[in-house]
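Please read the structure below before turning to the comments.
The values are calculated or read from the model by the stated rules, or taken from the named source; none is laboratory data. Keep in mind the model is a prediction, meaning the values are calculated, not measured. Reconstructed Cβ throughout: ideal geometry from the backbone, glycine too, with neighbour counts over all protein chains shown.
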2 protein chains.
Amino acid sequence: MNVFIIGVGLIGGSMARDMKQLNPEAKIYGIDANNAHLDEALTLNIIDVKATYEDLSLADVVVVSIPVNALVEELPKILDIVNSDAIVFDAGSTKFNICKAVENHPKRKNFLACHPISGTEFSGPSAAIEGLYKGKTNIICEIEKTSFRIQEKALAIFQQLGMRIRYMNPEAHDKHIAYVSHLSHISSFMLGKTVIDKERNESDIFDMAGSGFESTVRLAKSSPAMWTPIFEQNKDNVIETLEEYIHNLETFKEMLENDEYERIYSEMDNANKIKEILKGIPQNKN
Amino acid sequence: MNVFIIGVGLIGGSMARDMKQLNPEAKIYGIDANNAHLDEALTLNIIDVKATYEDLSLADVVVVSIPVNALVEELPKILDIVNSDAIVFDAGSTKFNICKAVENHPKRKNFLACHPISGTEFSGPSAAIEGLYKGKTNIICEIEKTSFRIQEKALAIFQQLGMRIRYMNPEAHDKHIAYVSHLSHISSFMLGKTVIDKERNESDIFDMAGSGFESTVRLAKSSPAMWTPIFEQNKDNVIETLEEYIHNLETFKEMLENDEYERIYSEMDNANKIKEILKGIPQNKN
């Protein structure tokens, strides 16, 4: 089995590690716009060999794990080259624009639009880890546009990786993911900014920060190169979530200004429901 | 050594567990407004015996780990009863009002105003764990108002627990802690609210939530009974942090509306500095 990883960072690199471990006979080819990443992936034994688009006709499986703006540009070119039996799937955090980019491609049936809900705040080949996908959810969009044969092969791979599958249309994916992922990132980035701006000249202050602060700003370590195009592609949904979030923060501030502590208590008590909700998140079960 | 824990929840209970382990001869007395918590603490072997304020004259060490509104009320009463050798320290997340409440007390010198930067999002006796304080920062305010003898004994206890000590005045404590702790809690509570309100009828959606969402809303599980009085006592500082945070979120939204993606990239790139800052947080070193 010839597996091509296009974009050998956290997502593609972790996928490569698992696929190699589960299929020791697989040959892992790496393609990346950043040649230093490719060398690093080779040194770390994430890939077996460096490759280019010209080699793509050898591919049985192509994992495209590049920023979403690049996905929209590159996916049609990749589909142009692969042979008619190849499985091509992505891992983009937006789905509408990506599905749109290939909707009329003659090899649309070779493509499976995926969003594995997994990752860490780190990036690059050195961030790649084994078992990243185990127990995680993989959201698949427009399954009906992929050929049965390709569906079957791809699902076998996801099963091997230990993923749970959910089906959704691209519009619904982008709308809901804005709430449960994109908004978290902005809230964290802006929390980081607020504290850094204020405490810039008082580095001692961070001795006062505990694990709570750390947990809340963890996502502010995320890659701007990955996240800027996500926010761009999901602009309308993200703006809607931001408006609701800002409104809720404004209301909280007004309650505080008006000394409405019973309402504040009650708002926090309601938000405590997140305890039950988080129990349903797969990684908590492991 | 007779150790009294007033408020046998996460903070007091964890303190009790460590002090008993480090000093097996210590007798741990528990006092709590909630008798069920006291029974639970006894069953869990967190305390050796249930007690009341009348027993406080037996105390060598008194740990007062109750909500900050109760601290302001109870601390003077506790100091009234303890003997003149007793060490009394608190663990309140605000310091100005608490120091103010005892500033003219005849036994002010028996009191040490403390804020151990440690905890989890859980509460109650069952949340108490061993080693909670190891490597954590303990902020001590107005050290000069505590007698040398009491200072010395208290610092010996904190050293035993493995804590790092930082000295600060109450005003500075409350101002900075608003940024590195109180704001994180509000951002998390309101993120939880925003998502719960929107996705109330779509519980399936939480299958889409990953570890990033979980990390960002973790603090929304925190106790409203503990946090409402903290926000009340630190109202002015908290409002200031909220205004800056909301302003930054508004600016981010406007950049998105105006398609200013280079500025968005640059804001996130700046917030990435939090990586270096978080490396300085004690719990990351362990």
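Which numbered condition in (1) at pLDDT below 95; (2) more than 7 Å from every other protein chain (Cβ to nearest Cβ) is the only one that residue B:195 fails?
All conditions are met except number (2).
Can you name the number of the only condition in (1) more than 8 Å from chain B (Cβ to nearest Cβ); (2) surrounded by fewer than 23 Cβ atoms within 10 Å (Cβ to Cβ); (3) touching a Lys or Arg at 6+ places or on another chain (Cβ under 7 Å) that residue A:123 fails?
Status for residue A:123: all satisfied but (3).
In this structure, is residue B:203 modelled with pLDDT under 90 and either closer than 18 Å to residue B:122 by Cα or more than 7 Å from chain A (Cβ to nearest Cβ) (or both)?
The answer is yes for residue B:203.
Looking at A:40, A:25, which one is in the same structural domain as residue A:73 (by TED's automatic domain parsing), touching a Gly at 6+ places or on another chain (Cβ under 8 Å), at negative phi and surrounded by fewer than 21 Cβ atoms within 10 Å (Cβ to Cβ)? Write out each step before concluding.
Working: A:25 fails: touching a Gly at 6+ places or on another chain (Cβ under 8 Å).
After applying the criteria, what remains is A:40.
Quick one: count up the residues across the range B:179-205 that are surrounded by fewer than 22 Cβ atoms within 10 Å (Cβ to Cβ) and among the hydroxyl-bearing types (Ser, Thr, Tyr).
1
This table checks each residue for (1) within 8 Å of another protein chain (Cβ to nearest Cβ); (2) outside any helix (DSSP H, G or I).
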| residue | (1), (2) |
| --- | --- |
| B:226 | no, no |
| B:240 | no, no |
| B:246 | yes, no |
| B:259 | yes, yes |
| B:277 | yes, no |
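Filter the range B:158-178 down to residues that are assigned to a helix (DSSP H, G or I) and either buried (at least 22 other Cβ atoms within 10 Å of the Cβ) or not hydrophobic (A, V, I, L, M, F, W, C) (or both), then give me how many there are.
Quick first cut of the range B:158-178, residues assigned to a helix (DSSP H, G or I) only: B:158-161, B:170-178.
Still in the list and also either buried (at least 22 other Cβ atoms within 10 Å of the Cβ) or not hydrophobic (A, V, I, L, M, F, W, C) (or both): B:159-160, B:170-171, B:173-178.
Qualifying residue count, the range B:158-178: 10.
Exactly one of (1) within 17 Å of residue B:6 (Cα to Cα); (2) of a type in the set (A, V, I, L, M); (3) in a helix (DSSP H, G or I); (4) touching a residue at least 40 places away in the same chain (Cβ under 8 Å) is unmet by residue B:150. Its number?
For residue B:150, the failing item is (1).
For residue A:232, work out the one condition from (1) surrounded by fewer than 22 Cβ atoms within 10 Å (Cβ to Cβ); (2) more than 7 Å from every other protein chain (Cβ to nearest Cβ) it doesn't fulfil.
Here residue A:232 meets the rest and fails (2).
Evaluate the range B:238-246: report whether one residue or more is of a type in the set (Phe, Trp, Tyr), surrounded by 23 or more Cβ atoms within 10 Å (Cβ to Cβ), over 27 Å from residue A:121 (Cβ atoms) and at pLDDT 95 or above. Please lay out each step first, then the result.
Step one: filter the range B:238-246 for residues of a type in the set (Phe, Trp, Tyr), giving B:245.
Imposing the further condition that a residue be surrounded by 23 or more Cβ atoms within 10 Å (Cβ to Cβ) reduces the set to B:245.
If we keep only those that are over 27 Å from residue A:121 (Cβ atoms) too, we end up with none.
Among the residues of the range B:238-246, not one is of a type in the set (Phe, Trp, Tyr), surrounded by 23 or more Cβ atoms within 10 Å (Cβ to Cβ), over 27 Å from residue A:121 (Cβ atoms) and at pLDDT 95 or above, which makes the answer no.
Residues checked against (1) out of contact with any Asp or Glu (no Cβ under 7 Å at 6 or more places or on another chain); (2) hydrophobic (A, V, I, L, M, F, W, C); (3) over 15 Å from residue B:91 (Cα atoms):
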residue	(1), (2), (3)
B:21	no, no, yes
B:27	no, no, yes
B:31	yes, yes, yes
B:34	yes, no, yes
B:43	yes, no, yes
B:46	yes, yes, yes
B:51	yes, yes, yes
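Which of (1) surrounded by fewer than 22 Cβ atoms within 10 Å (Cβ to Cβ); (2) at the interface with chain B (Cβ under 7 Å from one of its Cβ atoms); (3) without any contact (Cβ under 8 Å) to a residue 40 or more places away in the chain is the odd one out, the single condition residue A:208 does not satisfy?
Only one criterion is unmet by residue A:208, namely (1).
Can you pull out every residue in the range A:161-182 that is touching an Asp or Glu at 6+ places or on another chain (Cβ under 9 Å), of a type outside the set (Phe, Trp, Tyr), under 24 Å from residue B:246 (Cα atoms) and within 7 Å of chain B (Cβ to nearest Cβ)?
A:176, A:180
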